[in-house]
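Below you'll find the structure, written out as structure tokens, and then a few comments.
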Amino acid sequence: MRSIWNGAISFGLVSIPIKLVNATESHSISFRQIHVGDGGRVRYRKVCELDGEEVPTAEIGKGYEEADGSIIPITDEDLAQLPIATAKTIEIVSFVPADQIDPLQMDTAYYLAASGATAAKPYTLLREALKRSRKVAIAKYALRGRERLGMLRVVDDVIAMHGLLWPDEIRVPEGVAPEGAVSVREAELDLADALMATLGEVEMDSLRDDYREAVEAMIAAKADGGEPAVAAGPPVEGAGGQVIDLMAALENSVRVAKASRAGSPVEGAAEAEAEAGTGTGAEVTPIRRKKAAGAAAPKAVGGKKSTASAAGGGAGGGAAAGAAKKSTAAAAATKKKAAAAAAAVKKTASAKAAEAKPARGAAKKAVTPRKRSSA
């Protein structure tokens, strides 16, 4: 990789010759400005405003414009003679934990390569010291006409440097947060946590620049004389001032994310309903408990009925004896009435109706033994 700056790292009294190499590269697609009428290139020319002539790059210098519009020429020699120690040196000023660096300050990243064989030992020493301390180094350096702030850390077996913005270059976020007091319910936070857990982690290497790939495909199609692919649907419009049901949106997001993770929309939807508490299981359980109570009710009434029929026989000592002789038939009748009562409970939701049905059956049972004893 081509170096863009040569200098040294100043680590106390230790000097480490290094070369600065860009750690990142841009894959953005560049467009040229053209004249829409005939497709000709639109070019910018640097022209002197005094004589109107185009100025070649070799004759272009620097100047500082004052408030009244006058220009003070500044030469490269003027900048080179500035009395600063960081003109050709990355001067380490402190070591701090990495979490003390605000990510808002982080700028361009560089790799620091050891320059020459003599730099290998002190370079390795600084790298291993950073690894063992689990800290980052804060440094100052000069590049492209200004002094900058940097953070040195270890990436694999290489020392990397991130350019940092000066603290006074970070703007205060005034007027950015929503105005007024906004409250968030615990249920909404729980759903947000569930969505975050469902989405999980991602392999950074798997992320792609879909926009760039689409632009490249469109350019290739036009270059071959074809028509570029058209989007399947209309462009998605922003929500704007629409008021949305936040809970419903979170629940749907959790359901879709779980379905995507599971690979089955049905299973994912079922899991999402269980997570949000919207399933039907809670409604079925009380109904089953009512059925059990309704089925037991005829048995309790049947017990009262046998006592009532024994007492209500009047001079019916013979009726009680007939009932004892027919105990097997009575048990079968009781079982039949219990089934009938269970069917009645299914048809009606009223507990009164469920109790009335067995009572009428009990009256009917009391009449039956009289007919048999008279016979």
### Query
Under a 5 Å amide H to amide H cut-off, with H placed in plane at 1.01 Å, what residues pair with V55 once short-range neighbours are removed?
K46, V47, C48
### Task
Could you calculate the contour length gain from I72 to D209, that is, 0.36 nm times the residue separation minus the distance between their Cα atoms, to one decimal place in nm?
44.8 nm
### Query
Where does each of 129-137, 60-68 land if you order them by average Cβ count within 10 Å, highest first?
129-137, 60-68
### Summary
Counting only backbone N atoms under 17 Å from a point 7 Å out along Cα-to-Cβ of A248, the residues of segment 172-196 in range are 188
### Query
By per-residue mean of other Cβ atoms within 10 Å, what is the highest-first order of 197-204, 176-183?
197-204, 176-183
### Query
Which of rounded, prolate, oblate describes segment 99-171, given a ≥ b ≥ c as roots of the alpha-carbon gyration tensor eigenvalues and a/c under 1.5 marking rounded, otherwise prolate only if a/b is larger than b/c?
oblate
### Task
Give me the distance in nm between label points sitting 7 Å out from Cα along the Cα-to-Cβ direction at M106 and I84, one decimal.
2.4 nm
### Task
Pop the C-beta distance of A220 and R2 into the FRET formula with R0 = 30 Å and round what comes out to the nearest 0.05.
0.55
### Summary
In whole percent, the fraction of accessible protein surface over segment 50-149 that belongs to carbon or sulfur atoms, probe radius 1.4 Å, stands at 53 percent
### Query
Near the amide H of K62, under 5 Å away, which other amide H atoms are found, from residues 5 or more places off or on another chain, if H is placed in the peptide plane?
I74
### Query
For the pair K46 and V176, how long in nm is the line joining their label points, each one 7 Å along Cα→Cβ?
3.5 nm
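The values are calculated or read from the model by the stated rules, or taken from the named source; none is laboratory data. What you see is a predicted model; the values in this text were computed from it and never measured. Positions of Cβ are backbone-derived with ideal geometry, glycine not excepted, and every protein chain shown enters the neighbour counts. With ligands, DNA and RNA removed, areas are computed over all heavy atoms of the protein, side chains included. Shrake-Rupley method; radii C 1.70, N 1.55, O 1.52, S 1.80 Å.
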